[in-house]
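Below is one structure; the comments refer to it alone.
The values are calculated or read from the model by the stated rules, or taken from the named source; none is laboratory data. All figures in this text were calculated on a predicted structure; none of them were measured in a lab. When we count neighbours, we look across all protein chains shown, and the Cβ atoms used for this are built from the backbone with ideal geometry, even at glycine. Side chains are part of the model used for accessible areas, which takes the heavy atoms of the whole protein and leaves out ligands, DNA and RNA. Shrake-Rupley method; radii C 1.70, N 1.55, O 1.52, S 1.80 Å.
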Amino acid sequence: MATPRPSFFSGPALTVMALLLSLALYVLYPRQAMFEDTNNLDNPDALSLAYLEVLLRSDPDNTSLRINLARMQASVGQHQKAQRTLEPLLAADVVPSSAKELQLRLMMQELAATQDSQKREVLRARLAQEVRDLTEQPYTLKRKLTLLAHAQPLLTPEQLSQALGPLLSQASGTRRLSIARRLAEAQEASGSPQAAADTLRGVIELATNSAGGKADSAAFFDQLIRLELASNRPASALQHFSRHRMDISDPDSLRRGTQLAALAGADAARLRWLKQLATLEPNNLAIQRELLTQQLGAGDLRGALATAGRMQRLPAEQLSLEDRRQIAQVLQWNDKASEALAAWVALYRDQSSRE
């Protein structure tokens, strides 16, 4: 009778060994899903990078896998490999925003690390072009502004203006107002105050009804007025001031208004505000003198009489001989004979005593 051959691997034993082998492979070898989770990308090692490259070759259309590999390559300093990994995504009509963000970060790092000034300007121009391109992508406006904010410190004011322009046309409401002010600042910094003023003019209605309240509206119009003056348009500056910033109960506001009116050659407005300022500040001799000169130049003798009366009520030692002479003339021209005579006599006596 034949002796039975010994069996080293029974059916149950083979099953157990297969399960153990599967478990070991499961534990020891990474899985594709693991690398699609951005939480698992910190401190990648060479094995992880190599395995991920193999996975991507087997699944080249996996966008998240491609972006995560590029992110891991960048984190270990493999910037050129990261850029090559991203290239298929960057060539598409619609670029994933995370791929665009990583591309900008790689370009900024390269620019920051470059010492040669000529090469820096070439890299800066490339960065500016990519920033302009992102404004045409179908991202949310908030996302576009976030990406632009990352690159902004490395852009020139002119390059920043070119990026903000398209975003302004895409915005509305308070965000449009905010972008307009940023664009105006960049345009002014690039030496184009007139373009900056024109930008702000386009959002005046939004500024008038600003949700930020009176303070935001005031800051907007102060900026616009300054830009109009820098553009040699004092009449426009005066118009904005009189409509949006003039407060006839505030001496500082009236004083600023008279200055703008003088620059714009608006004599009637200047005289009107000087009168109001002189009434609010009766003890301000400089204002009274300026007003009296303007009133006499305009032939306003009755107004000049009121101004001369305020000057007479000031301490006598504050008045110069010329002040007193003008007061006496104004009294005389307004048929105040007795008062004019007393003023002339007192003037001559003081003048003689000084001589």
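A few comments on the model shown:
- Residue identified as crowded, with 18+ Cβ neighbours inside 10 Å and either under 19 Å from residue 125 (Cα atoms) or touching a residue at least 12 places away in the same chain (Cβ under 8 Å) (or both) among 74, 113: 74
- Test: residue in region 142-149 that is under 22 Å from residue 105 (Cα atoms), open to solvent by 30 Å² or more (accessible area, probe 1.4 Å) and either in contact with a Phe, Trp or Tyr (Cβ under 8 Å, 6 or more places away or on another chain) or of a type in the set (Lys, Arg) (or both): yes
- Flag for residue 270 being among the charged types (D, E, K, R), closer than 28 Å to residue 235 by Cβ and in contact with a Ser or Thr (Cβ under 8 Å, 6 or more places away or on another chain): yes
- Of all residues in region 305-319, those that are within 19 Å of residue 280 (Cβ to Cβ), of a type in the set (D, E, K, R) and in a helix (DSSP H, G or I) total 1.
- From the list 252, 247, the one residue that fits, being part of a helix (DSSP H, G or I) and of a type outside the set (S, T, N, Q), is 252.
- Just one of the listed residues (302, 270, 289) is of a type outside the set (S, T, N, Q) and either in contact with a helix residue (DSSP H, G or I) (Cβ under 6 Å, 6 or more places away or on another chain) or part of a loop (DSSP other than H, G, I, E, B) (or both), and it is 270.
- Looking only at region 77-93, and only at residues there that are within 22 Å of residue 134 (Cβ to Cβ) and of a type in the set (S, T, N, Q), the one that is least open to solvent (accessible area, probe 1.4 Å): 85
- Neighbours by Cβ (under 9 Å, 6+ apart or cross-chain): first from region 322-341, open to solvent by less than 90 Å² (accessible area, probe 1.4 Å); second among the charged types (D, E, K, R) and not in a helix (DSSP H, G or I): 330/336
- Test result for residue 260, part of a helix (DSSP H, G or I), modelled with pLDDT of 95 or more, farther than 27 Å from residue 327 by Cα and not charged (D, E, K, R): yes
- The single residue among 168, 154, 160 that is more than 21 Å from residue 102 (Cβ to Cβ) and in contact with a Lys or Arg (Cβ under 7 Å, 6 or more places away or on another chain) turns out to be 168.
- Considering region 112-219, the qualifying helices (runs of 4 or more DSSP H), each wholly inside and each with 1 or more residues that are over 16 Å from the mean Cα position of the chain (by Cα) and under 21 Å from residue 90 (Cβ atoms), run over 117-134, 141-151.
- Selection of region 273-286 for residues being farther than 30 Å from residue 205 by Cβ, in a helix (DSSP H, G or I) and open to solvent by 50 Å² or more (accessible area, probe 1.4 Å) yields 275, 279, 280, 286.
- Any hit, region 96-105, residues being touching a residue at least 40 places away in the same chain (Cβ under 8 Å), acidic (Asp, Glu) and either open to solvent by 20 Å² or more (accessible area, probe 1.4 Å) or farther than 30 Å from residue 216 by Cβ (or both): yes
- Unique match (being touching a residue at least 24 places away in the same chain (Cβ under 8 Å) and either open to solvent by 30 Å² or more (accessible area, probe 1.4 Å) or of a type in the set (D, E, K, R) (or both)) among 199, 174: 174
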